[in-house]
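Quick notes on the structure that follows.
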Amino acid sequence: MNREKAIKTIMMSVVASESVVISTTGLISREIFERFDSDRNFYVPGSMGLASSIGLGLAVSCPKERIVVIDGDASLLMNLGSMVTIGNRHPVNLLHIVIDNGAYGSCSEEKSMSDSAHLDKLAINVGYKKTYIVENEKNLKDAILESGDGPVFVLAKIELGGRRDFKRPLKLPELKERLMKSLERDKEKNHDV
Amino acid sequence: MKVNKNKEKISNTRRGGHSSKADQIHEVLMEFGVNFVSGVPCGVLRQIIENFEVEERVLHLPANRESEAVGLAVGAYLGKRTPVVYMQNSGLFSSSNDIASLVIPYKIPILFIVSYRGCPGEDAIQHLATGQATETLIRSLGLPFLILDSKKEIKTQIRSVLEDMSRKKLPSFLLLKRGWQDEHE
């Protein structure tokens, strides 16, 4: 599985469930922005590592929404304490997917330390409800669809490489307002029911 | 203050003791609608943190590191909450990139309550360099800050910071020096 296929599989699976997507810094966010932009997406431009923290803050604030964090291995390793906080708060509406290419893929593919970190075991040890390791699109899709109540951790192993010339999200305040309006509409919808 | 009954145990054994100034700060924050708080503790902020711990109107989600607190507050803001982040100025240095590369470009108003260690007269040598650079750091990011002046009325000072923050949609800072709780200075 490569990055393109992993992202496509994740986005096709989560679009159907109207989840909110928080994606990490670099090529992951840029690929999602160019190919799967939606008012349900939030891109983390700098502040590498914070996608899962932003996802947790949103998950506890909007318990009726399903929040999907699309992280990278090196970005998660930069903010590993966030996994402990997620395990501690145990948000049922949080799905934490890590696209793991074992490298700083958005830099020059310098090696990260994910191969010795056993992130899937760590997730269980700190309190996530379920964990998956997947290496192909079918297993990735199945994990997302069957995961149920969270917090769920999915480690998606991918190969290095892939396209790099994606455009960047630039109009950040507009993208923020767009997501907040979409969440507001959901609130009204939930209220009506 | 609306005290959550489940949290009474904490409030009965307050570690920090009462501070009328902390209570005044708390009142202004509640009046402004603050309902989400994250941060990493500093002894200088203990009464402020305890007020958050026992406040039922606030979702208090402590962090392991200040950067994490910044991310949590951003997520809460997207979810229509009004966040505050507390930390020591040492943590402001370690999370300054997150403020610069996430909070500023997305124009997210977050009030940071920061203890201002390393001021003249302090003996803890590890704080001196950050103390000397704190105001310069915030100023260099183009962000507003207020050093709480014990001679002026606290509520008025903080209200003006919050109003300014809402208008400009920028993170803003409240700096509290050691001894800020004292009634007479």
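Computed quantities for the displayed model
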| item | result |
| --- | --- |
| Residues being within 30 Å of A:Pro173 (Cα to Cα) and either part of a loop (DSSP other than H, G, I, E, B) or of a type in the set (Val, Ile, Thr) (or both) - total across the range B:140-175 | 11 |
| Selection count, the range A:92-123, where residues are within 17 Å of A:Ile144 (Cα to Cα) and surrounded by fewer than 20 Cβ atoms within 10 Å (Cβ to Cβ) | 2 |
| Segments classed as strands (runs of 3 or more DSSP E), wholly inside the range A:58-145, with at least 2 members that are in contact with a strand residue (DSSP E or B) (Cβ under 7 Å, 6 or more places away or on another chain) and within 12 Å of chain B (Cβ to nearest Cβ) | A:67-72 |
| Test: A:Ser114 is touching a Leu at 6+ places or on another chain (Cβ under 8 Å), at pLDDT 95 or above and of a type outside the set (Val, Ile, Thr) | yes |
| All positions within the range A:96-130 that are at positive phi and among the charged types (D, E, K, R) | A:Glu109 |
| Conditions (1) surrounded by fewer than 24 Cβ atoms within 10 Å (Cβ to Cβ); (2) away from chain B (no Cβ under 14 Å); number of the one not met by A:Ala6 | (1) |
| Matching residues in the range A:111-165 - criterion: being farther than 16 Å from A:Asn101 by Cβ and of a type in the set (S, T, N, Q) | A:Asn125, A:Thr131, A:Asn139, A:Ser147 |
| Any chance A:Leu172 is modelled with pLDDT of 95 or more, touching a strand residue (DSSP E or B) at 6+ places or on another chain (Cβ under 7 Å) and surrounded by 15 or more Cβ atoms within 10 Å (Cβ to Cβ) | no |
| Residue in the range A:5-18 that is in contact (Cβ under 8 Å) with a residue 12 or more places away in the chain, assigned to a strand (DSSP E or B) and either closer than 26 Å to B:Leu59 by Cα or within 12 Å of the chain's Cα centre (by Cα) (or both) present | no |
| Tabulated pairs, the range A:171-182, first facing chain B (nearest Cβ under 7 Å), second of a type in the set (D, E, K, R), C-beta under 7 angstrom, 6+ apart or interchain | A:Pro173/B:Lys107; A:Leu179/A:Asp39; A:Leu179/A:Arg40; A:Met180/B:Lys80 |
| Qualifying positions in the range B:129-185 - of a type in the set (Asp, Glu) and within 19 Å of B:Val85 (Cα to Cα) | B:Glu135, B:Glu163, B:Asp164 |
| Test: residue in the range B:19-35 that is surrounded by 17 or more Cβ atoms within 10 Å (Cβ to Cβ) and closer than 19 Å to A:Ala51 by Cα | no |
| Candidate set: the range B:59-106, residues that are among the polar types (S, T, N, Q) and either part of a loop (DSSP other than H, G, I, E, B) or more than 7 Å from every other protein chain (Cβ to nearest Cβ) (or both); chosen: the one nearest to A:Met180 (Cα to Cα) | B:Thr82 |
| In the range A:146-175, the residues that are assigned to a loop (DSSP other than H, G, I, E, B) and closer than 15 Å to A:Thr9 by Cβ | A:Ser147, A:Ile158, A:Glu159, A:Gly162 |
| Filtered residue count, the range A:30-49, keeping only those that are within 12 Å of chain B (Cβ to nearest Cβ) and under 23 Å from A:Ser147 (Cα atoms) | 3 |
| Flag for B:Leu137 being touching a Ser or Thr at 6+ places or on another chain (Cβ under 8 Å), assigned to a helix (DSSP H, G or I), buried (at least 24 other Cβ atoms within 10 Å of the Cβ) and not aromatic (Phe, Trp, Tyr) | no |
| Residue within the range B:113-125 that is among the hydrophobic types (A, V, I, L, M, F, W, C), buried (at least 18 other Cβ atoms within 10 Å of the Cβ) and in a strand (DSSP E or B) present | yes |
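The values are calculated or read from the model by the stated rules, or taken from the named source; none is laboratory data. On a predicted model such as this, the values are computed, not experimentally measured, just so you know. Counting neighbours? That spans all protein chains shown, and the Cβs are built from the backbone with ideal geometry, glycine included.
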